[in-house]
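Trainee: Structure below; questions to follow.
The values are calculated or read from the model by the stated rules, or taken from the named source; none is laboratory data. Since the structure is predicted, the reported quantities are computational estimates derived from the model, not experimental observations. Every residue, glycine as well, gets a Cβ built from its backbone with ideal geometry; the counts of neighbours run over all protein chains shown. Areas reflect the complete protein model, heavy atoms only, side chains present, ligands, DNA and RNA absent. Shrake-Rupley method; radii C 1.70, N 1.55, O 1.52, S 1.80 Å.
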Amino acid sequence: MGANSYPQDVERGLFEDNPLSGLIVGFRLSLDPGGDLEARPVVHVQLRPGLSLSAVEADQLAKTCQQGVQRQLNARDGDFAAHPEQGPAANELSIALHPYGSGPFADPSAIRDGYLLRGGD
């Protein structure tokens, strides 16, 4: 998408001014293929061990995280802000919540939290 984003910016977006940040252990970033032949950023968030969220709680956490990360990225790099000519989803990022030790966090020998995963990993 041409925008610069860094794990430190995502971390700030997830944890600063987030009243629900205590539910989060860590995160990983990936670019996942979209239906429009473009990759979209995904922030995979690992929840604390033993934590079980209702659908409403999970939705609230995902929205809070998405807004915080989007705000941080917009403040850091104007390229990440929405551009009407590119459509509403051009720089949209997704938040994927994962129970502790599942999804992209299942392999404990994988790269540490906060770093990039290649698409499809």
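Trainee: Can Gly68 be described as modelled with pLDDT under 90, open to solvent by less than 50 Å² (accessible area, probe 1.4 Å) and not hydrophobic (A, V, I, L, M, F, W, C)?
Mentor: The answer is no for Gly68.
Trainee: Taking the condition of being in a loop (DSSP other than H, G, I, E, B) and touching a residue at least 40 places away in the same chain (Cβ under 8 Å), how many residues in the stretch 53-75 meet it? Break it down stepwise before answering.
Mentor: Residues of the stretch 53-75 that are in a loop (DSSP other than H, G, I, E, B), as a first pass: 53-54.
Still in the running and touching a residue at least 40 places away in the same chain (Cβ under 8 Å): 53.
Selection size over the stretch 53-75: 1.
Trainee: Assuming Ser52 fulfils every condition listed in (1) modelled with pLDDT under 95; (2) surrounded by 13 or more Cβ atoms within 10 Å (Cβ to Cβ) apart from one, which condition is it?
Mentor: Against the list (1) modelled with pLDDT under 95; (2) surrounded by 13 or more Cβ atoms within 10 Å (Cβ to Cβ), Ser52 comes up short only on (2).
Trainee: Moving on. With the checklist (1) open to solvent by 20 Å² or more (accessible area, probe 1.4 Å); (2) out of contact with any strand residue (DSSP E or B) (no Cβ under 6 Å at 6 or more places or on another chain); (3) modelled with pLDDT of 90 or more; (4) not β-branched (Val, Ile, Thr) in hand, flag the one item Leu61 doesn't pass.
Mentor: Answer for Leu61: the failing condition is (1).
Trainee: Considering (1) modelled with pLDDT of 90 or more; (2) not in a strand (DSSP E or B), say which one Asp36 fails and leave the rest.
Mentor: (1)
Trainee: So is Val25 touching a Ser or Thr at 6+ places or on another chain (Cβ under 6 Å), modelled with pLDDT under 95 and not in a helix (DSSP H, G or I) or not?
Mentor: Values: touching a Ser or Thr at 6+ places or on another chain (Cβ under 6 Å): no; modelled with pLDDT under 95: yes; not in a helix (DSSP H, G or I): yes.
No.
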